[in-house]
Amino acid sequence: MKKRFSARICALLILLASLSCAACSNAPADGADQSLTPATAGDPSSSVLVVYFSWSSEGNTEQMANYIAGQTGAYVVEIIPEDPYDGSYNDVAYGRAQEEAEANARPAVSQETYDLINMDDYDTVLIGFPIWWHTAPMIIGTFLEHYDWTADDNIYPFFQGASNSNQEYYNNSMSFVRSSAEGATVHDGLYAAESNTSAIDAYLSENGLLTAGE
């Protein structure tokens, strides 16, 4: 009797374990819910475009991009990778992002992103990203190299990271953007926390981009 009872308990535990594993395998990993549809905001007929790459929805870079758009009257388009960056932030920042940076890779941007932008309509482009592995994410290079830039195209990089004051990271990011947007006029970038609206407003004002309140 005890053996039969024990066998039933074991069978029940095995069943519960298998159900639990099935639930785990179906659960999305951190960051795996990254949408394949680019987020947009603002007026597409604006002459100012804000494009940004952010690892997570409603992340720091996205918040910064939307704030800048509100201050400049820009049209906003999110840069979406063809192959999403799944996993935790540490998995991405110290895994795939590091590998891509060391290989100077160019991960593909989704066609949906490009379809939302007619770059000929914009003479001012603000491009935002987080600092990944001491520089801009390699997908920023993919996006910028997709277009033929001229000196009439004004590009303003904005980015944020853990310190927002590391000169090496700033120099690396600016060098990467300038080499990727060959031919364009790439202005000095904004390196600040998304919450530092005073620094953001000062940068926009210094570059003649601030329109809020006018």
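For region 67-167, the calculated P(r), taken from all Cα-Cα distances in 5 Å bins from zero up to the bin holding the longest distance, is 2, 10, 20, 23, 21, 15, 7, 1 percent. Residue separation of Asn104 and Ala151 scaled by 0.36 nm, minus their Cα-Cα distance, works out to 14.4 nm of gained length.
If the segment from Asp121 to Ser45 were pulled out straight at 0.36 nm per residue, it would be longer than the present Cα-Cα gap by 26.6 nm.
Expressed as a rounded percentage, what relative contact order does region 33-206 have, with Cα pairs under 8 Å and six or more residues apart? Dividing the mean separation by the residue count of region 33-206 yields 22 percent. Residues Met174, Met138, Met119 in ascending order of nearby Cβ atoms (within 10 Å, fewest first): Met119, Met174, Met138.
Once you list every other residue whose beta carbon is under 14 Å from the beta carbon of His187, what net charge do they have if Lys and Arg are +1 and Asp and Glu are -1? Each step should come with its number before you reach the end.
Values: positive: Arg178; negative: Asp123, Asp152, Asp153, Asp188, Glu206.
That sum, taken over residues with Cβ under 14 Å, equals -4.
With each label modelled as a point 7 angstrom along the Cα→C-beta vector, the Gln63-Ser165 pair spans 2.0 nm.
Computed on the Cα atoms alone, the convex hull of region 33-206 gives a volume of 104 cubic angstrom per residue. Give, as a single signed number, the net charge of other residues whose beta carbon lies under 13 Å from the beta carbon of Asn66, with Lys and Arg counted +1 and Asp and Glu -1. Here the charged neighbours net out to -4. One quarter of the convex hull surface built on the alpha carbon atoms of region 108-148 amounts to 3.4 nm², the projected area averaged over directions.
Bear in mind that the values in this text are calculations on the coordinates, not laboratory data. Model, not experiment: these values are computed from the prediction. Ideal geometry is used to build each Cβ from the backbone, glycine not excepted, and the neighbour counts take in all protein chains shown.
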